[in-house]
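The values are calculated or read from the model by the stated rules, or taken from the named source; none is laboratory data. Remember, predicted model here, so these are calculated numbers, not experimental data. Glycine gets a Cβ as well: all are built from the backbone with ideal geometry, and neighbour counts include every protein chain shown. Please note that ligands, DNA and RNA were not included when accessible areas were found on the heavy atoms of the full protein model with its side chains. Shrake-Rupley method; radii C 1.70, N 1.55, O 1.52, S 1.80 Å.
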Amino acid sequence: AGDAGPDAVAPCTDPDGGPPAVEFAPITTTLTAPVEVTENAGALYVLEQGGRVLRVSPTDGKVSVMLDVSSIIVSGGESGLLGMAFHPKFAQNGFVYFYYTIPFATQPPPAGFVFQSLLVRYHSNDLGMTLDPSSAHPILTIDQPYSNHNGGTVLFGKDGFLYLSLGDGGHANDPHGNGQNLKTWLAKILRIDVNKKEN
């Protein structure tokens, strides 16, 4: 390697000159199949695949249920409660977005599909302690041909748009060619202007 430039940053070391010391401490041991952890206003929020959203205090480990959608979703394998994002203006509007898998309203499902994926908005009336289950506002519904490859990451970009990643719909080797098909939302990253739906 060549000489470091004038703007190079020295590697982090502890006072004794060794590698940096890192300590891990458990916050809680009460989680079941956690799939994501996000933070808002100093609290941690943990998604459990089965449908619970838990609010965890990082200081004392106290756990409370923010939302429980276990009775309305399909979970197991690669399905369930898969993504969560706080609106950038959550402190003002109380909006939180989720992505999860749900059964079709009518059973059996239509031929060629097993269930649906739903992007949905909820509202908090108490600054993130809980979410009002009756406030559920569907944004986007996607029919899923197989039970796996559901995707699920939900994030807000610096541009204020919500980004949702969708899997290719499942099975193996993308049998429907969704990754190369611009006429389907499957196997895509969607950029959504959710702010038009705030009112």
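What number goes with the only condition from (1) open to solvent by 50 Å² or more (accessible area, probe 1.4 Å); (2) touching a Pro at 6+ places or on another chain (Cβ under 9 Å) that residue 119 does not pass?
(1)
Confirm whether residue 83 is part of a loop (DSSP other than H, G, I, E, B) and either touching a residue at least 40 places away in the same chain (Cβ under 8 Å) or surrounded by fewer than 18 Cβ atoms within 10 Å (Cβ to Cβ) (or both).
It is false that residue 83 is part of a loop (DSSP other than H, G, I, E, B) and either touching a residue at least 40 places away in the same chain (Cβ under 8 Å) or surrounded by fewer than 18 Cβ atoms within 10 Å (Cβ to Cβ) (or both).
On the basis of being under 19 Å from residue 52 (Cβ atoms) and either free of Cβ contacts under 8 Å to residues at least 60 places away in the same chain or open to solvent by 20 Å² or more (accessible area, probe 1.4 Å) (or both), does residue 141 make the cut?
So residue 141 fails the test.
So residue 43 ticks every box in (1) more than 17 Å from residue 128 (Cα to Cα); (2) buried (at least 18 other Cβ atoms within 10 Å of the Cβ); (3) modelled with pLDDT under 95 but one. Which box is left unticked?
Of (1) more than 17 Å from residue 128 (Cα to Cα); (2) buried (at least 18 other Cβ atoms within 10 Å of the Cβ); (3) modelled with pLDDT under 95, only one is false for residue 43: (1).
Within the stretch 104-124, how many residues turn out to be more than 19 Å from residue 156 (Cα to Cα) and either β-branched (Val, Ile, Thr) or touching an Asp or Glu at 6+ places or on another chain (Cβ under 6 Å) (or both)?
The total comes to 4.
Just the residues that are surrounded by 13 or more Cβ atoms within 10 Å (Cβ to Cβ) and more than 15 Å from the chain's Cα centre (by Cα), please, taken from the stretch 122-132.
123, 124, 128, 130, 131, 132
Restrict the check to the stretch 79-99 and report whether at least one residue is of a type in the set (Ser, Thr, Tyr) and within 12 Å of the chain's Cα centre (by Cα).
Yes, because at least one residue in the stretch 79-99 is of a type in the set (Ser, Thr, Tyr) and within 12 Å of the chain's Cα centre (by Cα).
Has the stretch 158-177 got any residue that is touching a residue at least 60 places away in the same chain (Cβ under 8 Å), aliphatic (A, V, I, L, M) and open to solvent by 70 Å² or more (accessible area, probe 1.4 Å)?
Checked against the condition, which is being touching a residue at least 60 places away in the same chain (Cβ under 8 Å), aliphatic (A, V, I, L, M) and open to solvent by 70 Å² or more (accessible area, probe 1.4 Å), the stretch 158-177 yields no hits at all.
Residues being open to solvent by less than 50 Å² (accessible area, probe 1.4 Å) and among the hydrophobic types (A, V, I, L, M, F, W, C): count how many of those fall in the stretch 178-193. Working first, answer last.
First, pick out the residues of the stretch 178-193 that are open to solvent by less than 50 Å² (accessible area, probe 1.4 Å): 178-179, 184, 186-188, 190, 192.
Add one more test, that the residue is among the hydrophobic types (A, V, I, L, M, F, W, C), and what stays is 186-187, 190, 192.
Total satisfying the criteria: 4.
Being within 25 Å of residue 183 (Cα to Cα), at pLDDT 95 or above, open to solvent by 50 Å² or more (accessible area, probe 1.4 Å) and touching a Ser or Thr at 6+ places or on another chain (Cβ under 9 Å): is that true of residue 153 here?
Criteria met by residue 153.
Please enumerate the residues belonging to the stretch 23-38 that are on the phi < 0 side of the Ramachandran plot and either open to solvent by less than 100 Å² (accessible area, probe 1.4 Å) or not in a loop (DSSP other than H, G, I, E, B) (or both).
Across the stretch 23-38, the qualifying residues are 25, 27, 28, 30, 31, 32, 34, 35, 36, 37, 38.
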